[in-house]
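Notes follow once the structure below has been shown.
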Amino acid sequence: MKIYLLYFAVYFSFYIIGAYATTDILRLLKGSTTSVNAPDCYCPICHNKILLKDQLPIFAYIKNHGKCFHCQSQIPISDLFLEVFLFLTLSIFCTLLNFSRTAFFLCIVIYEMTKLAFLIRYGIREHEFVKNLFISIRNNIFLFSLIGILFLLIHIV
């Protein structure tokens, strides 16, 4: 039973990583002025704070019909695609590779390559990009370290 709780924790953390990825990547893209380390998420149109319950990738998108809760502006489908893509990709690779070290490092590579692809495709922000990139990398190291602990626990239990 303990092992299934750990599997659930890893899958849930990938779900959260998918949600975090949108914020992390969008704040590095051209046109963004919000620091990667800013604690809250805001609608890019009306600038209202997005509530935590509306930051859950798939559920909030469906509940709000793909629109901002406050101003009803359309949320790009690419944001949902990014979140679902990362969640499914990381989950599938880890399952197929039995939550091995290889799977863990592959998750990091997939996440960072996805971020790089978006930066190449949409361009980097003009203001304080390098500073925000290092903050992003630091945050990612912290998040993946926590996931690494879960991977380790799976192999201990």
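The values are calculated or read from the model by the stated rules, or taken from the named source; none is laboratory data. These numbers come from a predicted model, not from an experiment. Every residue, glycine among them, receives a Cβ derived from its backbone with ideal geometry; neighbour counts consider all protein chains shown. Only protein heavy atoms, including side chains, enter the accessible area calculation; ligands, DNA and RNA are left aside. Shrake-Rupley method; radii C 1.70, N 1.55, O 1.52, S 1.80 Å.
In summary, VAL36 fulfils each of the numbered conditions (1) at pLDDT 85 or above; (2) touching a helix residue (DSSP H, G or I) at 6+ places or on another chain (Cβ under 6 Å); (3) not basic (Lys, Arg) with the single exception of condition (1).
Candidates are the residues of the range 89-102 that are closer than 21 Å to ILE137 by Cβ and touching a residue at least 40 places away in the same chain (Cβ under 8 Å); the one that is least open to solvent (accessible area, probe 1.4 Å) is LEU90. Filtering the range 48-70 for residues that are under 19 Å from PHE142 (Cα atoms), surrounded by 13 or more Cβ atoms within 10 Å (Cβ to Cβ) and aliphatic (A, V, I, L, M) leaves an empty set.
Being at pLDDT below 95, within 18 Å of LEU88 (Cα to Cα) and not basic (Lys, Arg), is that true of even one residue in the range 136-143? Yes, the range 136-143 has at least one match.
Checking the range 8-29 against the condition returns no match, with no residue being open to solvent by 100 Å² or more (accessible area, probe 1.4 Å) and not aromatic (Phe, Trp, Tyr).
Looking at the range 128-143, can you tell me whether even one residue there is open to solvent by less than 70 Å² (accessible area, probe 1.4 Å), hydroxyl-bearing (Ser, Thr, Tyr) and under 20 Å from ILE25 (Cα atoms)? Yes - at least one qualifying residue is present in the range 128-143. The residues of the range 34-47 that are part of a loop (DSSP other than H, G, I, E, B), farther than 19 Å from ASN140 by Cβ and either open to solvent by 80 Å² or more (accessible area, probe 1.4 Å) or of a type in the set (Val, Ile, Thr) (or both), listed by number, are PRO44, ILE45, HIS47.
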